[in-house]
Amino acid sequence: MSQQYTDIAHRLIQQSRRSHLTDSLYAYDDASVREITRECRYLNSQINDTVERLTNEADQSLMESDKPTLAQLTILNLCAQRNKRCLLGYHHHRLNKLRDLYWKSGAALAHLLNEHDNGGIRDELSPTEVDFLRGYSSLITQYKSPFLDVVDITSGSLEPPKDLHISVRVVRDAGLIETQGGPVDFRVGQRFMVRRSDVERLLVQGYLEQVD
């Protein structure tokens, strides 16, 4: 069966739905986006050619009675509009997902992208999405800077802590971290009593977990 108009756009929306249901981020489908964009350009050219031909009809009544051509024009326009809506929906879903991941990482952009090894999401993103994350992170930093000494909105919780010190267990190697009490080498399986403010980001990022 030959491919129909909007088929690729439909598959793109299905991909977004699977991403939503599985709470995962798929790799940016650049090939499909480009193919849909080309299809939109082709549809628009067909629409323009058809409108121009109808406009040049000498007999106005003949133009209005040309129902097959009018039907074709309607279908072409609907296909072009559906392609555009699917592209907007696909990118809207991905940007929302990137914002969610950014906050879940404790607003640690380097940790989220993890450009130094293969543990981040950098390979799943388009260059434009990387630029979006960097711009978004820059805006958040500018917004929180004036009151950072009072509260850090990216810490994961705005509730005041019950204790200044907490007991934590290392669930992922975090390496050597500078704390107010001196450097601490966080290795898997170890337990420490540390100041909450020193390890808040590590808790959010999943390197540590609080224990009673």
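Some points to look at:
- Qualifying residue in region 32-50 (condition: modelled with pLDDT of 95 or more, assigned by the TED database to the domain that holds Leu98 and farther than 21 Å from Gln4 by Cβ): no
- Within region 21-45, no residue that is within 16 Å of Arg11 (Cα to Cα) and among the acidic types (Asp, Glu) sits with its Cβ atom under 7 Å from a residue that is modelled with pLDDT of 95 or more and open to solvent by 70 Å² or more (accessible area, probe 1.4 Å) at 6+ positions apart or across chains.
- Checking Arg85, Arg53 one by one, the residue that is under 30 Å from Leu101 (Cα atoms), open to solvent by 70 Å² or more (accessible area, probe 1.4 Å) and either at pLDDT below 95 or of a type outside the set (Ser, Thr, Tyr) (or both) is Arg85 and no other.
- Here Asp66 fulfils each of the conditions (1) surrounded by fewer than 13 Cβ atoms within 10 Å (Cβ to Cβ); (2) touching a helix residue (DSSP H, G or I) at 6+ places or on another chain (Cβ under 8 Å); (3) free of Cβ contacts under 8 Å to residues at least 40 places away in the same chain apart from (1).
Residue by residue, here is whether (1) open to solvent by less than 80 Å² (accessible area, probe 1.4 Å); (2) under 30 Å from Asp212 (Cα atoms); (3) assigned to a helix (DSSP H, G or I); (4) modelled with pLDDT of 80 or more holds:
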site	(1), (2), (3), (4)
Ala110	yes, no, yes, yes
Ser157	yes, yes, no, no
Ile166	yes, yes, no, yes
Arg169	yes, yes, no, yes
Gly189	yes, yes, no, yes
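- Test set (1) part of a loop (DSSP other than H, G, I, E, B); (2) surrounded by 11 or more Cβ atoms within 10 Å (Cβ to Cβ) - Ser24 fails condition number: (2)
- Hits in region 120-135 - residues which are part of a helix (DSSP H, G or I) and in contact with a Leu (Cβ under 8 Å, 6 or more places away or on another chain): Arg122, Glu124, Glu129, Val130, Phe132, Leu133, Arg134
The values are calculated or read from the model by the stated rules, or taken from the named source; none is laboratory data. Not measured: the values here are computed from a predicted model. Here the Cβ is made from the backbone with ideal geometry for all residues, glycine too, and neighbour counts use every protein chain on show. Surface accessibility is based on the protein's heavy atoms, side chains included, excluding ligands, DNA and RNA. Shrake-Rupley method; radii C 1.70, N 1.55, O 1.52, S 1.80 Å.
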